[in-house]
Amino acid sequence: MNLRKTALLVMLGMTTTAAPFALAADGDGMATFRKEVQTMADKDGMVFKKNFMAMMEKKWDAMDKGGKGMLSMADIMRIFSDTKGQ
């Protein structure tokens with residue numbers, strides 16, 4: 001495994017480890033996201049992949065204003081942590 005890949009995996013691990021604390025710190029960060037997902041759920045509480053992916057693609061596109069096809073890790077975390085994540 002090369003150094004770049006190792007560094008990326010370490011950063012991703014740190015982000016996923018820290019994410020629950022960041023979400024808990026803002027108190028209501030997941031409430032909007034949870035509501036959106038709940039509206040997609042069927043009577044058994046299941047969400048179809050195509051519906052979830054369409055929602056996430058819409059959020060991604062709203063944040064990728066330059067159309068580069070890339071977002072910073074901070075932008076990605078914002079999708080899940082606050083209402084400004086579109």
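The values are calculated or read from the model by the stated rules, or taken from the named source; none is laboratory data. Predicted model only: the values in this text are computed from it and were never measured. Cβ coordinates were reconstructed from backbone atoms using ideal geometry, including for glycine residues, and neighbour counts include every protein chain displayed.
Results, tabulated for the structure shown:
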| read-out | value |
| --- | --- |
| Test: Met11 is loosely packed, with under 12 Cβ neighbours inside 10 Å, at pLDDT 85 or above and over 16 Å from Ile79 (Cβ atoms) | no |
| Lone qualifier among Lys43, Lys50 - being of a type outside the set (A, V, I, L, M), modelled with pLDDT of 80 or more, loosely packed, with under 11 Cβ neighbours inside 10 Å and part of a helix (DSSP H, G or I) | Lys50 |
